[in-house]
Amino acid sequence: MRFRHALPAIAMVIAAGCDDTLTVEPVNEVPEQAAIVDAASARAALLGAYDALQEDGYYGGDFFFYGDLGSDIVDHTGTFDTYLEVDRHQTTADNGSVLEMYEDIYMGIHRANVVLQKVPTITDLGEAERDQLLGEAHFLRALHYHNLAKYFGGVPLRLEPPTSIDQSGEISRATVDETYAQILSDLDQAAQLMTEDNGATRATRGAVWALRTRVHLYREQWAEVLVAADSVEAMGYALASSYADLFTPEGSNTPEDIFRVPFTATEFTNAGYYFGPDGRYEVAPSCSLVQSYDPAYECESDEYNPTDDRGAWNVTVIDGFPYGTKYPTAIGAEDMHAIRFAEVILNRAEALARTGALQAAIGQLNRLRERANGETLTLAGVASDPAVPNDQEVLEAVWHERVLELAMEGDRWPDLVRTGRAVAVLGLTPEEEHTVLFPFPQNETDVSPNVDQNPGY
């Protein structure tokens with residue numbers, strides 16, 4: 001059930017009786033021993049596992065916003081104290097939005113775990129369908145754990161439903177290496193088990209390989225990034241012909257879609273409502289982001305002339321105030337991209353630059369720039385000395401392109417952290433440097449005393 005934060009209580013009561021978007025109850029809302037007993041309930045349980053992605057703390061809200069809010073490209077402009085803490089790098093362990101994000105992601109993990117535990121026991125499922133359901137659950141669990149690792153580092157690995165509250169409270173944190181080993185293990189299992197392609201709103205082998213490009217990028221395993229990216233492209237994915245086609249009011253299919261989270265006006269995302277001019281304006285593009293699209297832009301002015309289609313689509317300046325218009329309505333029926341082919345291209349470009357293939361890296365960036373009708377890059381053009389191309393300067397070009405392409409999709413803050421640039425780019429003081437990792441919620445450390453808090457909190 002999803003509601004706008006601003007809805008009065010009476011409206012919430014009325015709405016509670018009229019949400020018929022889901023055809024089944026999520027699996028954590030019925031007794032587990034009765035949740036998956038036959039093929040129909042197994043299929044329903046997997047749909048419940050997907051539904052966790054839509055929660056306010058996840059792709060419908062906090063997880064998505066926090067991926068940019070702590071960075072240099074998005075500012076807090078609203079009234080939520082929990083968002084203000086993140087924007088100012090003053091996040092505390094009792095931040096309610098961090099707690100909601102953490103709990104919603106672990107709810108998704110729990111639902112996937114129930115599917116993985118129960119589905120193998122169902123006798124009226126054919127082998128191929130059983131394997132497909134299990135493969136999709138493994139993919140979802142890998143995505144969830146990577147999303148946690150981006151914010152918290154090593155996290156508790158809950159790999160099966162707990163049998164008691166006491167057992168749940170005994171868990172401890174895994175290391176970063178252990179967390180990533182589990183993510184890659186789940187992706188291996190997903191690739192082996194899945195055979196069907198049910199579209200971009202369900203897990204597919206293409207989504208597995210695409211997520212691998214991201215995971216290996218974070219692990220700085222450049223050769224593996226390139227292998228995974230080649231595998232994705234060989235499956236026929238391609239850039240949408242127009243950047244705007246990716247962000248339609250109700251979500252639509254493009255050849256660029258790899259895995260996206262669907263939303264409707266009932267099961268909605270807060271993206272356009274929080275960023276846009278017709279909503280609550282809780283978050284906004286920073287002047288720095290506006291200047292990335294228009295280097296001549298002067299903060300608080302109305303004269304905004306973006307240099308490519310992405311800037312024209314993503315940002316609108318009204319009376320000196322920049323609004324995020326990537327998500328074009330306040331209704332929230334837009335689908336959210338968990339991963340799309342443009343990111344795969346960018347992941348490949350960075351891996352190429354890291355391995356010295358500088359001209360090839362620039363070629364990958366130009367695929368995106370040409371789609372956006374932007375000026376194409378040359379290797380000499382990105383180097384301070386055209387006669388001596390520099391891998392660091394090419395990397396800077398890749399990272400800048402990530403901002404232009406992926407702004408307001410929740411990637412900037414994790415990008416700064418994984419590349420070790422957060423402290424310098426954001427000017428973090430010694431007292432703020434620990435905020436490159438989020439705090440584990442106080443609720444978690446209270447009930448699970450073996451979960452060590454991140455340093456500085």
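Any read-out appearing in this document is the output of simple, stated calculations on the displayed coordinates, not a laboratory observation. Computed from a predicted model, the values in this text were never measured in an experiment. Cβ coordinates were reconstructed from backbone atoms using ideal geometry, including for glycine residues, and neighbour counts include every protein chain displayed.
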Among the range 424-455, those whose backbone N falls under 16 Å of a label point 7 Å along Cα→Cβ from Gln291 are 425-427
Extended-chain gain in nm, criterion 0.36 nm per residue less alpha-carbon gap, Thr378 and Val425:
14.4 nm
For the range 378-386, 3J(HN,Hα) per residue [Karplus equation, 6.51 cos²θ - 1.76 cosθ + 1.60, θ = phi - 60°, Hz, x = Gly/Pro]:
10, 4, 5, x, 8, 9, 5, 10, x
Per-bin percent of Cα-Cα distances, the range 258-403 [10 Å]
11, 32, 33, 19, 4, 0
The relative contact order of the chain, taking Cα pairs under 8 Å that sit 6 or more residues apart, comes to a percentage of 19 percent
Taking only the alpha-carbon atoms of the range 109-233, what semi-axes of the equivalent ellipsoid follow from 5 times the gyration tensor eigenvalues under a square root, in whole Å, largest first?
24, 22, 9
Projected onto their principal axes, the Cα atoms of the range 307-360 stretch, largest extent first, over whole-Å spans of 45, 27, 14
Along the Cα→Cβ direction, 7 angstrom out, place labels at Val447 and Thr316. What is the inter-label distance in nm?
4.3 nm
What is the sum of charges around Gln167, taking Lys and Arg as +1, Asp and Glu as -1, for the other residues whose C-beta is under 11 Å from the C-beta of Gln167?
-2
Taking the Cα atoms of the range 195-311 alone, what are Rg (to one decimal) and Dmax (as a whole number) in Å?
17.9, 53
In whole Hz, what ³J(HN,Hα) sequence does the range 270-278 give by Karplus (6.51, -1.76, 1.60; θ = phi - 60°), x for Gly and Pro?
8, 4, x, 5, 8, 8, x, x, 9
For Ile339, list long-range residues whose amide hydrogen, built 1.01 Å from N in the peptide plane, is under 5 Å from its own amide hydrogen.
Ile258, Phe259
On the principal axes of its Cα set, how long, how wide and how thick is the range 168-259? Give whole Å, largest value first.
48, 34, 26
Kindly state, to the nearest 0.05, the FRET efficiency for Glu303 paired with Asp38, given R0 = 51 Å and r defined as their beta-carbon distance.
0.20
Percentage of interatomic Cα-Cα distances in the range 28-125 larger than 18 Å
54 percent
With every atom except the alpha carbons ignored, what do you get for Rg and Dmax of the chain, in angstroms?
21.7, 69
Long-range HN-HN contacts of Ser286 with modeled amide H, under 5 Å:
Val74, Asp75
Considering the Cα trace of the range 118-185, what is its radius of gyration and what is Dmax, both in angstroms?
14.3, 40
Under a point spin-label approximation (7 Å from Cα along Cα-to-Cβ), what is the Thr355-Ala223 distance to one decimal in nm?
0.8 nm
Taking every pair of distinct Cα atoms and averaging 1/r, then inverting, what Kirkwood hydrodynamic radius in Å comes out for the range 37-90?
13.1 Å
Cα-derived Rg to Rh of the range 386-436, Kirkwood definition:
1.06
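Can you tell me what the convex hull of the Cα atoms of the range 330-438 projects to on average, as an area in nm²?
The number I arrive at for the range 330-438 is 9.1 nm².
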Could you give me the ³J(HN,Hα) list for the range 329-334, computed from phi with Karplus coefficients 6.51, -1.76, 1.60 and θ = phi - 60°, whole Hz, x at Gly and Pro?
10, 8, 6, x, 8, 5
